[in-house]
Amino acid sequence: MSILDLFRLDERVAVVTGAGQGLGRGMALALAEAGADVVVADINAQTGAAVAEEIRALGRRAISVVVDVSRMEQVRALVDRTLAAFGKADILVNNAGISAHEPSAELSLADWQRVMDVNITGVFLCSQLFGREMLKRGYGKIINISSMSGLIVNRDVPQAPYYASKAGVIMLTKALAAEWAPRGVNVNAIAPGYMRTPLNEGFLADPARAAQWIDTTPMRRVGEPRDLGGAVVYLASDASSFVTGHALVVDGGFTLW
């Protein structure tokens, strides 16, 4: 087997949450290009179905499932749909996430709780329920999407619950990795930097804000969803078989400064 063969995902089944747009869509397509069949899980039925169709156009199998990852019964239904369609789940990408841009002194408890429910509880629920199936088989790859904002505070962007939740994702990744490493399940994280996504459209539409982001990124650009393709395929594949509990930063060098 050549080194490139280790990156192939033929006959693997990947589940990607929040796959209907942005980074989730980009990672779902990358996994499909590497050979995986994909479950496109998203709260938006229309965007999820559109991405599933894109994946089928690549010659891979795909289904779309509507899910709110903060609701256990919906996550359980996602697991059931996945097993019914494909018989297994080899790869789980916990990408679904939201934010709340509000000064902490004015932030409502409801906004705080909603971010935590999706960004950290949702990651736990999906990891737990899919993890049980992976542990039965003695094989699995879980990839949690954190953020460089789980390591630093973004300048002039008040979003305390987002920072706290994304830092929590990194520690949850380490905790699950330590528990499940002896049982064949690798758990890692990706920490993206400033990316061109629908969630960041408002920021990027502000010339001053966009210039600030670019000026403080050594590579002098914002990331594109495609920039996570290599990272997610690596962590989903046998090329990373001895890697677990790691947070791979993909930020154009932003956290160097």
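All of the numbers you see were taken from the coordinates with simple rules; none came from a lab. These numbers come from a predicted model, not from an experiment. A quick note on method: Cβ atoms are made from the backbone with ideal geometry, for glycine too, and the neighbour counts reach across all protein chains shown.
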| query | Once all Cα-Cα distances of the chain are split into 5 Å bins that start at 0, what whole-number percent is in each one? | reply | 1, 7, 14, 18, 21, 17, 12, 7, 3, 1, 0, 0
| remark: Given backbone amide H placed at 1.01 Å from N, residues whose amide H is under 5 Å from that of Arg12, ignoring those fewer than 5 places away on the same chain, are Asp37
| said: Order 232-240, 173-181 from most to least packed using the mean count of other Cβ atoms within 10 Å. | reply: 232-240, 173-181
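About the Cα centre of region 73-115, what is the dipole size in debye to 20, counting +1 per Lys and Arg Cβ and -1 per Asp and Glu Cβ, all else neutral? Mind showing how you got there, number by number?
Values: 4 positive and 6 negative charges, 57 e Å.
Charge dipole of region 73-115: 280 debye, to the nearest 20.
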| Of the peptides 208-220, 39-51, how do they stack up when ordered by the mean number of other Cβ atoms within 10 Å, highest first? | 39-51, 208-220
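Using only the C-alpha atoms of region 72-141, find the volume of their convex hull and express it per residue in Å³. All intermediate terms of the calculation are to be shown ahead of the outcome.
Values: hull volume 6.1 nm³, N = 70.
Enclosed volume per residue, from the Cα hull, is 87 Å³.
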| query | Once Rh for region 172-257 is found with the Kirkwood sum over Cα pairs, what is the Stokes-Einstein diffusion coefficient at 10 °C and 1.306 mPa s, in µm²/s? | reply | 110 µm²/s
| remark: Taking Cα atoms, the helix 45-57 axis meets the longest principal axis of the chain at an angle in degrees (rounded to 10) of 50 degrees
| Helical mean residue ellipticity (222 nm; -39500 (n - 2.57) per DSSP H run of 4+; nearest 500) of the chain | -12500 deg cm²/dmol
| Just the projected area, averaged over all directions, of the convex hull on the alpha carbon atoms of region 6-57: how many nm²? | 3.1 nm²
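Sort 155-164, 9-18 by the packing proxy (mean of other Cβ within 10 Å over each peptide's residues), most packed first.
Averaged packing, sorted descending, gives the order 9-18, 155-164.
How many Å³ per residue does the convex hull of the Cα positions in region 40-188 occupy?
Details: hull volume 18.1 nm³, N = 149.
Roughly 121 Å³ of hull volume per residue.
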| request: Treat every Asp and Glu Cβ in the chain as -1 and every Lys and Arg Cβ as +1, leave all other atoms uncharged, and give the resulting dipole magnitude about the Cα centre to the nearest 20 debye. | output: 520 debye
| field | Reachable lysines from Lys88, criterion Cα separation under 16 angstrom, eight or more residues apart if same chain | value | Lys136, Lys141
| Backbone HN-Hα couplings from phi across region 93-98 [Karplus 6.51/-1.76/1.60, Hz, Gly and Pro as x] | 10, 8, 10, 4, x, 9
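Taking 0.36 nm per residue of sequence separation and subtracting the Cα-Cα distance, how much length would be gained by fully extending the chain between Arg71 and Arg220, in nm to one decimal? Could you put the intermediate results ahead of the total?
On the way: separation 149, 0.36 × 149 = 53.64 nm, distance 3.93 nm.
Gain on extension, Arg71 to Arg220, equals 49.7 nm.
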